[in-house]
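Taking it in order: structure first as structure tokens, then the write-up.
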Amino acid sequence: MSFTDWILLGVGAFAILGALGAFTIAFRRSRSDRPEPTAGTSAETLKADRSMEGVRVEPIAVPSEDIAVSEETAPDIEEAEPEPVSTGVAVVETQRVVEVTPEESGVSRRQFFNRAITATFGSFLALFGLNSLAFFWPKLTGGFGSDVDAGAVGDLLSQTVTPAGTTVPVFIPEARAYVVPAPQELSEQYEGRSVEAAGLMALFQRCVHLGCRVPWCGTSVGFECPCHGSKYNYVGEWFDGPAPRNLDRFVVEVRSGDRFIIRTGTIIETPRAPEPSVNYPQGPSCIG
Ligand code: FES
């Protein structure tokens, strides 16, 4: 994979970690969002009882005879109108503290919106990360990014150079590559880079200027990009136009005696050739 692919893989992995982090924060916040049971309680009361968390207050009935009357309330009683004497027992309300379970307290509106927003954001990040990883992960079982079997060497040699001596590249869709005959003498810039095997090379179809697919031109015997006019000879060496280098090519090898393998996971870049290896153009251009 190229450096850019590794960067994008890193972005995908970072998105997944971000989603995990968001879920973790949401979980912790949902626990800490429970209303504080001591809210509104005076400092003196809190100091007197620091074990109020997770409780509720509910009224209970207590007979008045069980309530002690303090000295301070005595004058008010004396100034009040005398009331008829009751034969029953007066009941006054007081309060008691009861522990509350999380199920009883339920989910507040604030908690609900916090969880909904975090879940939505986290799901988006997770999907983005997974899709990025799936798209850029190197394919190990076939297809572009893996080693592609382009066919038997003998077949490819006979197709790329016809009996009349005409050069015709063979396009391998799975590898996104043109298989072309290698030049008689390999340029120094390809030496030691495994871009030739059994007299064949594999060129990446993508124009190195801005990425258009470069078609073959049979009349000029070369590749000519219709987007901005870059031209390359039949072994992919730059000839004209804004392309900054030769067409990219893949590492190739022969396996099992005669199978031509294109290793599409390894792209070789080379600068504009100082001396072209083959003649171009050999006839009229296709793009003018
Ligand atoms: S993309 Fe090929 S010349 Fe610009």
**Report entry** the range 250-288 residues near the modelled A164 label - backbone nitrogen below 20 Å, point 7 Å along Cα→Cβ
**Finding:** 279-286
Query raised in the report: Tell me, in nm to one decimal, what length is gained between A116 and E253 on full extension, where the rule is 0.36 nm per residue of separation less the Cα-Cα distance?
Result: 43.9 nm
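Listed highest first by mean packing, meaning other Cβ atoms within 10 Å per residue, what order do 239-247, 125-133 come in?
My ranking of the peptides, most packed first, is 239-247, 125-133.
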Report task. Considering Cα pairs under 8 angstrom that are at least six residues apart, work out the relative contact order of the range 246-287 and quote it in whole percent. Result -> 37 percent
Query raised in the report: So who's got an amide H within less than 5 Å of the one on I267, skipping anything under 5 residues away but keeping other chains? H placed 1.01 Å off N, in plane.
Result: none
Query raised in the report: For the peptides 174-182, 253-261, what is the packing order when you average, over each peptide's residues, the other Cβ atoms within 10 Å and list the highest mean first?
Result: 174-182, 253-261
Report summary line: Cβ density ranking, 10 Å radius, fewest first, applied to E44, E237 yields E44, E237
Query raised in the report: Taking K and R as +1 and D and E as -1, what net charge do the other residues with C-beta under 14 Å from the C-beta of Y232 add up to?
Result: +1
Query raised in the report: About the Cα centre of the range 147-268, what is the dipole size in debye to 20, counting +1 per Lys and Arg Cβ and -1 per Asp and Glu Cβ, all else neutral?
Result: 340 debye
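Would you mind getting me the FRET efficiency between D149 and A13? Use the beta-carbon distance for r and R0 = 35 Å, nearest 0.05.
Details: r = 31 Å, r/R0 = 0.89.
Taking R0 as 35 Å, the efficiency between D149 and A13 is 0.65.
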Report summary line: Amide H neighbours of C286 at under 5 Å, excluding residues fewer than 5 places away on the same chain, with H built from the backbone geometry, are S220
Query raised in the report: In the neighborhood of I287, defined by Cβ-to-Cβ distances under 12 Å, what is the net charge if each Lys or Arg adds +1 and each Asp or Glu adds -1?
Result: -1
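Work through the residues other than A182 whose Cβ is under 15 Å from its Cβ and net out their charges, Lys, Arg +1 and Asp, Glu -1. Can you show the working numbers first?
On the way: positive: R193, R249; negative: E185, E188, E191, E196, E237, E253.
Neighbourhood net charge equals -4.
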Query raised in the report: By per-residue mean of other Cβ atoms within 10 Å, what is the highest-first order of 270-277, 12-19?
Result: 12-19, 270-277
Report summary line: Ranked on Cβ counts within 10 Å of their own Cβ, fewest leading, T266, T24, T160 go T24, T266, T160
Query - Relative contact order (percent, whole number), the range 147-268, Cα cutoff 8 Å, 6+ residue spacing - result: 27 percent
Requested in this report: Kindly state, as a whole number, the per residue volume in cubic angstrom of the convex hull around the alpha carbon atoms of the range 147-268.
Outcome: 101 Å³
**Report entry** Karplus-derived HN-Hα couplings along the range 177-188 (A = 6.51, B = -1.76, C = 1.60, θ = phi - 60°), whole Hz, x at Gly and Pro
**Finding:** 9, 9, 8, 10, x, 6, x, 4, 10, 6, 4, 4
Query raised in the report: Per the Kirkwood formula on distinct C-alpha pairs, the Rh of the range 211-288 is how many angstrom?
Result: 13.5 Å
Query raised in the report: Amide H neighbours of A182 under 5 Å, counting only residues 5+ apart in sequence or on other chains, H built in-plane at 1.01 Å?
Result: L200, M201
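Just so you know, all these numbers are worked out from the coordinates, no wet-lab data involved. Everything quoted here is computed from the prediction, not taken from an experiment. Every residue, glycine among them, receives a Cβ derived from its backbone with ideal geometry; neighbour counts consider all protein chains shown.
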